[in-house]
Amino acid sequence: MRYCDIIGQEGVKKLIIKNIREGRIPHAQLFWGGEGVGKLALAIATVQYINCEHPSDTDSCGECESCKLISKLSHPDLHFIFPIIKEGSKSAFCDDFMPQWREQMAETPYFNLHQWMRRINESGKVGYIYTTESEAISQKLSLKSFSAKYKSTIIWLPERMQETAANKLLKILEEPPADTLFFLVSEHPEQLLTTITSRTQALRIKNIDRQSLMTVFPEDISRLSGGNYIKAKELLDSEGTTAEYVARYRNLMVYVFKRDLVSLKEFAEDSATSRENCIEFLNYACHLTREAFIANLCNTYLIYRSASEVQFTENFKKFITETNIESISDLFTKAAEDIERNGNIKLIMFDLGINLMTLIKKQ
């Protein structure tokens, strides 16, 4: 992975390279930002640049042995930690999932947790970083480096660490082995232990600028994506899915307005057929709620609506106001988080509808 392979983020690339060339390489860095902005790709490109045998002023060479091994994610001094699924009491490690990890990265380094979970399991479970992983990485880092200048560990979504795993990682960060680098790639750094974040140098990775996205996607898709590559790809690939989610959102609100508990119960039961799909719908519902509110303000510059959303939001926008926008958005977000934690989908979705009734009643 070279910097030139990453869409946009030119300012961040220059800053990282400047620090490296001036010899300022923190032993632990936190790359944080929204999904689909290229955080993971930046972390890998940085490891490759640091260990490159012939780096230029702007990028790694991509030709030396170190670059080739890192680009294939097969360098013995490069380690990855990411959420995985553990079945029963049997121990599981990230190394067990490296074939799938390499396949995913070969397809695209722009992916989210739900896409990764779909790749490694069909049960609908959401993975974690288990305590055993911290113990395993501690053993690996205690070994002498094979050939790289630095032993590097990239932790993708460290907020998914179990508490005991986080505490063990903290001990490693407090007393890191010599010539060892850590890159924490996070979407929710506020969920990490403050004692961990305080031992890292944080670098915010902002959304991809529209002009850079337009080198890959059409202009309307680039605008609608809000700087999120994953969202842009989904918009390009599944316009029909957006229409489906609009219909589901409309049905939910109809049941809420009519106080139709029977239909709401059926809606909750239908939602339980797929945990991942339900989470995606709830995230989309939060987005559509925002678009309805922005449309209510008539601020067209900030509107990111597709054609299938325009008619609905024009009719629905009067119900989303300053008094309830935050509360409604929080309900969708919390429901998605609860389902992600393997909560009972039927109960969560039915409870969501009841709470929405309360908010709508306040209008």
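The values are calculated or read from the model by the stated rules, or taken from the named source; none is laboratory data. Predicted model, so just to flag it, every value in this text is computed and none were measured. Counting neighbours? That spans all protein chains shown, and the Cβs are built from the backbone with ideal geometry, glycine included. Areas reflect the complete protein model, heavy atoms only, side chains present, ligands, DNA and RNA absent. Shrake-Rupley method; radii C 1.70, N 1.55, O 1.52, S 1.80 Å.
The set of residues in region 36-60 that are of a type outside the set (Phe, Trp, Tyr) and in a helix (DSSP H, G or I) comprises Lys39, Leu40, Ala41, Leu42, Ala43, Ile44, Ala45, Thr46, Val47, Gln48, Ile50, Asn51.
Do we find that Ala202 is in a loop (DSSP other than H, G, I, E, B) and either open to solvent by 30 Å² or more (accessible area, probe 1.4 Å) or β-branched (Val, Ile, Thr) (or both) in this structure? When the stated conditions are applied, Ala202 does not pass them. With respect to (1) of a type in the set (A, V, I, L, M, F, W, C); (2) open to solvent by 10 Å² or more (accessible area, probe 1.4 Å); (3) more than 23 Å from Arg160 (Cβ to Cβ), the lone exception for Cys52 is condition (2).
A Cβ distance below 9 Å, combined with a sequence gap of six or more or placement on separate chains, defines the contacts here; from region 282-293, residues that are touching a residue at least 12 places away in the same chain (Cβ under 8 Å) and open to solvent by 10 Å² or more (accessible area, probe 1.4 Å) reach residues that are among the small types (Gly, Ala, Ser) and assigned to a helix (DSSP H, G or I) in the pairs Asn283/Ala336; Cys286/Ser329; Cys286/Ala336; Arg290/Ser329; Phe293/Ser329. When restricted to residues that are hydrophobic (A, V, I, L, M, F, W, C), over 20 Å from the mean Cα position of the chain (by Cα) and modelled with pLDDT of 90 or more, region 164-202 contains 1.
If you filter region 144-160 down to residues that are hydrophobic (A, V, I, L, M, F, W, C) and in contact with a Pro (Cβ under 9 Å, 6 or more places away or on another chain), you find that the one that is farthest from Leu192 (Cα to Cα) is Phe146. The single condition among (1) in a loop (DSSP other than H, G, I, E, B); (2) in contact with a strand residue (DSSP E or B) (Cβ under 8 Å, 6 or more places away or on another chain) that Ile154 does not satisfy is (1). Can you confirm whether region 110-118 contains a residue that is buried (at least 18 other Cβ atoms within 10 Å of the Cβ) and without any contact (Cβ under 8 Å) to a residue 40 or more places away in the chain? Looking for residues that are buried (at least 18 other Cβ atoms within 10 Å of the Cβ) and without any contact (Cβ under 8 Å) to a residue 40 or more places away in the chain, one finds at least one in region 110-118, hence yes.
Scanning region 109-122 for residues that are within 17 Å of Glu187 (Cβ to Cβ) and either part of a loop (DSSP other than H, G, I, E, B) or touching a Pro at 6+ places or on another chain (Cβ under 6 Å) (or both) yields a count of 4. Within region 308-350, the only residue that satisfies the criterion of being under 26 Å from the mean Cα position of the chain (by Cα), modelled with pLDDT under 85 and either assigned to a loop (DSSP other than H, G, I, E, B) or not polar (S, T, N, Q) (or both) is Glu309. With respect to Ile44, is the statement that it is surrounded by fewer than 23 Cβ atoms within 10 Å (Cβ to Cβ) and either β-branched (Val, Ile, Thr) or touching a residue at least 40 places away in the same chain (Cβ under 8 Å) (or both) true? In short, no.
State all residues of region 68-82 that are of a type in the set (A, V, I, L, M, F, W, C) and outside any helix (DSSP H, G or I); if no residue qualifies, say none. Leu73, Leu78, Phe80, Ile81, Phe82, listed by residue number.
Count of region 220-237 residues, restricted to those that are in contact with a Lys or Arg (Cβ under 8 Å, 6 or more places away or on another chain) and either within 21 Å of Cys4 (Cβ to Cβ) or open to solvent by 70 Å² or more (accessible area, probe 1.4 Å) (or both), is 3. Exactly one residue among Glu103, Glu174 is free of Cβ contacts under 8 Å to residues at least 24 places away in the same chain and open to solvent by 80 Å² or more (accessible area, probe 1.4 Å), and that residue is Glu103.
Applying the set (1) within 19 Å of Phe80 (Cα to Cα); (2) exposed (fewer than 15 other Cβ atoms within 10 Å of the Cβ); (3) at pLDDT below 90 to Ser134 leaves exactly one unmet item: (2).
Does region 92-102 include one or more residues that are under 25 Å from the mean Cα position of the chain (by Cα) and not in a helix (DSSP H, G or I)?
Taking every residue of region 92-102 in turn, at least one turns out to be under 25 Å from the mean Cα position of the chain (by Cα) and not in a helix (DSSP H, G or I).
Is it true that some residue in region 27-41 is modelled with pLDDT under 95 and more than 23 Å from Ser186 (Cβ to Cβ)? Within region 27-41, not a single residue is modelled with pLDDT under 95 and more than 23 Å from Ser186 (Cβ to Cβ). It is to be established whether one or more residues within region 20-33 are buried (at least 21 other Cβ atoms within 10 Å of the Cβ) and part of a helix (DSSP H, G or I). Looking for residues that are buried (at least 21 other Cβ atoms within 10 Å of the Cβ) and part of a helix (DSSP H, G or I), one finds none in region 20-33, hence no.
Under the condition of being open to solvent by less than 50 Å² (accessible area, probe 1.4 Å) and either modelled with pLDDT of 65 or more or among the hydrophobic types (A, V, I, L, M, F, W, C) (or both), the residues counted in region 294-307 number 3.
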